[in-house]
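To keep things clear, I will list the structure first and then write my remarks on it.
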Amino acid sequence: MTLIPEGVSHEEAATLPVVFMTSWYALKHTARLRKGEWILVHAGAGGVGMAAIQIAHHLGAKVIASAGSPVKREMLKTLGVAEVIDSRKGDFAEKVMELTNRRGVDVVLNALAAEAIPMGLSCLAESGRFVEIGKRDIYQNSKLPLFSLRRNASFHVVAMDAIFAGDAELTRDLLKEIVDLVDEGELTPLPFRTFPACRVDAAFRLMAAGKHIGKVVIAFADPFVHRVGEPLHPEFSVDPEATYLITGGFGGFGRVLAKWLADEGARHLTLTSRQGAATEGADEFIAELKELGVETLPVAADVGSPKDVKGIFKEIAASGRPLKGVYHLAMVIDDAPLADLNPDRMESVMAPKALGAWLLHQGTAEMDLDAFVMFSSISSIFGNPAQGNYSAANAFIDSLTHHRHALGLPSLGVNWGVLGGEGYVARNERVAEFLERQGTSSIEPNEVTALLESFLDANVAQAAAIRVDWAKWRQSFRTMQENPLLERIFADGVETDESGGGAGDWRVKIESADADEREGVICQAVQDIVGSVLRVKPETLREDQPLTDLGLDSLMGVEIETLIESSIGVTLPPTSLMRARTIGQIATLISGHLGGGESSPGAAVEEKAPVEEELSLDEVDLDALSDDELDGLLGDEDSAEAEPEPEAATPSS
């Protein structure tokens with residue numbers, strides 16, 4: 001453990017330890033890279049690659065770096081790399097020899113697998129050092145051609161996990177050396193792409209596909225990260241001797257919040273609506289709360305009326321109990337195109353939500369509240385067709401919550417998406433179906449209260465919660481592609497082409513195929529699945545082509561196994577993809593599991609295992625990956641007062 005260098009953010013600091021320690025140990029301690037020497041850095045646009053380039057330049061070496069896409073190669077040139085080559089071409093060794101006038105390089109830092117190792121060895125100059133930081137060929141016990149080492153060359157394996165686990169002193173020394181170099185300005189943090197913790201799946205998918213430059217960082221939103229030296233904000237709690245006010249309290253989510261507060265320990269609630277106790281079902285709900293030990297004060301009031309709001313506070317004061325929390329859920333929805341809205345229709349929506357919030361703010365400004373919560377809508381962030389009045393009212397809520405925070409008053413505004421279970425959408429099936437088609441689905445009541453409590457614990461002014469299939473949503477709202485906020489969301493890992501699409505019918509196709517055609521259909525299914533994971537066209541994949549040639553790694557292997565299980569219904573043993581290295585071999589394994597062949601899967605793999613030395617790299621369809629995939633880096637008018645069901649607010653242009 002060490003202090004983060006001054007001026008370095010937490011995210012930047014996360015890019016330093018492993019990649020720079022690996023590169024420093026590999027180049028300085030192991031390879032003894034010296035000034036004026038040539039080094040070949042494979043995967044130069046990756047984390048270790050970019051760190052190694054910085055360290056090589058710091059040591060005065062000349063760098064040749066490889067990358068697999070034109071964009072990455074152009075980026076490497078901006079880092080001052082002398083020569084940049086294409087790692088996907090089978091002649092990279094010859095290119096290295098040309099660049100060094102047939103001398104070769106003094107050091108190769110290698111993370112590539114299979115044929116890349118003997119090719120890299122052939123690039124070594126006299127007394128050259130080959131440093132292997134990859135794992136695959138080591139754990140597969142691959143053969144090493146020694147002829148290339150005949151000129152006093154050497155082969156080294158760097159396993160940083162062993163150092164971290166077994167040599168604490170060396171680990172501390174390495175980290176200190178790196179931090180000191182960053183402090184001195186000799187090294188700088190790597191470029192990175194941040195994913196919120198809730199999108200860790202997209203982060204791993206991006207990393208597995210090899211589309212990133214630098215590091216992939218998982219981050220938590222600032223409000224949820226406690227800074228050292230700052231006092232912890234007290235957790236949300238309820239005072240059983242105090243009163244809590246819920247406007248729209250007899251609506252769907254007003255009742256949800258009332259029960260939640262009761263579960264949290266509240267024993268005195270004031271629930272308002274325009275009809276108060278005369279609201280349908282109010283008596284039954286009050287009786288239900290009484291069984292929970294809660295005393296309920298129902299108040300008939302229009303929260304958009306200054307007179308009625310004053311009346312609410314008078315009744316609370318008369319109860320003799322202090323008001324400690326306000327939950328503003330009242331709302332009216334009156335949808336219409338902007339041209340059809342008149343002052344009355346605007347006021348009918350704005351008054352209960354926006355004016356009501358302001359009146360509650362004014363009435364409680366001098367009170368010692370623990371919570372002032374306002375339900376807003378995602379519509380104020382994205383907009384919503386035919387809801388200009390509703391979006392405007394919620395935008396006022398968003399501004400008011402920040403105004404209160406600036407005054408040092410407690411406040412939380414939550415921009416909710418679709419609220420299910422008890423809300424407006426739950427009572428309007430047609431609306432729910434429409435939103436589902438757009439990719440927006442409901443957040444259930446228990447999720448709402450859990451999120452609300454986490455927001456209160458974090459002491460944030462504003463938060464948003466929406467359950468959405470961004471890929472589907474993006475297709476529904478193509479006109480919003482230039483929205484800066486959406487640009488950030490899509491950049492943080494949204495995939496428009498979901499993996500595994502179209503594979504769900506493969507089990508049916510396989511079972512309905514004739515016996516002599518079954519294995520061919522299984523091959524097609526595997527091609528479809530592998531293509532979706534590797535982001536290549538299935539028809540470009542040959543049955544005898546080693547998947548490692550297309551960049552298959554352990555993360556992708558897990559995804560392929562998962563898709564095989566979900567789409568074909570076969571669960572392969574964990575090591576299957578390591579033994580069955582081609583689509584044909586995987587298909588044979590699946591056929592064996594489905595009872596389509598006599599031989600055991602193991603035998604099938606052994607029988608069909610290709611001889612690696614006989615595979616020409618010219619046979620590998622390197623053009624199967626599209627340029628986009630390789631280079632894509634950053635890539636009814638009834639009014640209804642109720643509760644805060646902003647779930648009707650669907651993002652739109």
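The values are calculated or read from the model by the stated rules, or taken from the named source; none is laboratory data. Small disclaimer: the values here were computed from a predicted structure and weren't measured. Cβ sites come from the backbone with ideal geometry, for glycine too, and all protein chains shown count toward neighbours. The area values use the complete protein model at the heavy-atom level, side chains included, leaving out ligands, DNA and RNA. Shrake-Rupley method; radii C 1.70, N 1.55, O 1.52, S 1.80 Å.
Overview of values
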item	result
Test set (1) touching a Gly at 6+ places or on another chain (Cβ under 8 Å); (2) at pLDDT 95 or above - GLU295 fails condition number	(1)
Test: residue in region 8-27 that is more than 28 Å from the chain's Cα centre (by Cα) and closer than 26 Å to ASN101 by Cα	yes
Hits in region 374-390 (condition: crowded, with 24+ Cβ neighbours inside 10 Å and modelled with pLDDT of 85 or more)	MET374, PHE375, SER376, SER377, ILE378, SER379, SER380, TYR390
Lone qualifier among GLU539, GLU561 - being at pLDDT 70 or above, closer than 16 Å to TRP506 by Cβ and surrounded by fewer than 18 Cβ atoms within 10 Å (Cβ to Cβ)	GLU539
Test: residue in region 251-262 that is farther than 22 Å from GLU447 by Cα and either under 35 Å from the mean Cα position of the chain (by Cα) or at pLDDT 95 or above (or both)	no
Condition broken by THR571, with the remaining ones in (1) open to solvent by less than 10 Å² (accessible area, probe 1.4 Å); (2) at pLDDT below 80 satisfied	(1)
Number of positions in region 85-116 that are outside any loop (DSSP other than H, G, I, E, B), open to solvent by less than 30 Å² (accessible area, probe 1.4 Å) and not polar (S, T, N, Q)	11
Criterion (open to solvent by 10 Å² or more (accessible area, probe 1.4 Å) and among the hydrophobic types (A, V, I, L, M, F, W, C)) met by exactly one of ALA351, ALA301, ALA357, ALA336	ALA351
Qualifying residue in region 403-426 (condition: at pLDDT 90 or above, in contact with a strand residue (DSSP E or B) (Cβ under 7 Å, 6 or more places away or on another chain), of a type in the set (A, V, I, L, M) and open to solvent by less than 10 Å² (accessible area, probe 1.4 Å))	yes
Selected residue [at pLDDT 95 or above and either aliphatic (A, V, I, L, M) or farther than 21 Å from ARG255 by Cα (or both)] from HIS361, HIS328	HIS361
Selected residue (criterion: most open to solvent (accessible area, probe 1.4 Å)) from residues of region 1-32 that are among the β-branched types (Val, Ile, Thr) and under 13 Å from MET50 (Cα atoms)	VAL18
Positions within region 1-34 being in a loop (DSSP other than H, G, I, E, B) and polar (S, T, N, Q), in sequence order	THR2, SER9, THR15
Filter result (at pLDDT below 90 and of a type in the set (Lys, Arg)) within region 151-174	ARG151
Every pair of residues 6+ apart whose Cβ atoms lie under 7 Å, when the first sits in region 104-116 and is of a type in the set (Gly, Ala, Ser) while the second is open to solvent by less than 10 Å² (accessible area, probe 1.4 Å) and assigned to a strand (DSSP E or B)	GLY104/LEU124; GLY104/ALA125; GLY104/GLY128; ALA116/ASN110
Condition met for PRO337 (closer than 21 Å to PHE313 by Cα and more than 31 Å from the chain's Cα centre (by Cα))	no
Hey, ILE85 within 28 Å of ASP161 (Cβ to Cβ) and among the β-branched types (Val, Ile, Thr) or not	no
Odd one out for MET75 among (1) open to solvent by 10 Å² or more (accessible area, probe 1.4 Å); (2) in contact with a His (Cβ under 9 Å, 6 or more places away or on another chain); (3) assigned to a helix (DSSP H, G or I)	(2)
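Conditions (1) surrounded by fewer than 20 Cβ atoms within 10 Å (Cβ to Cβ); (2) modelled with pLDDT of 75 or more; (3) in a helix (DSSP H, G or I), marked per residue:
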{"position": "GLY504", "(1), (2), (3)": "yes, no, no"}
{"position": "LYS509", "(1), (2), (3)": "yes, yes, yes"}
{"position": "ILE522", "(1), (2), (3)": "no, yes, yes"}
{"position": "VAL526", "(1), (2), (3)": "no, yes, yes"}
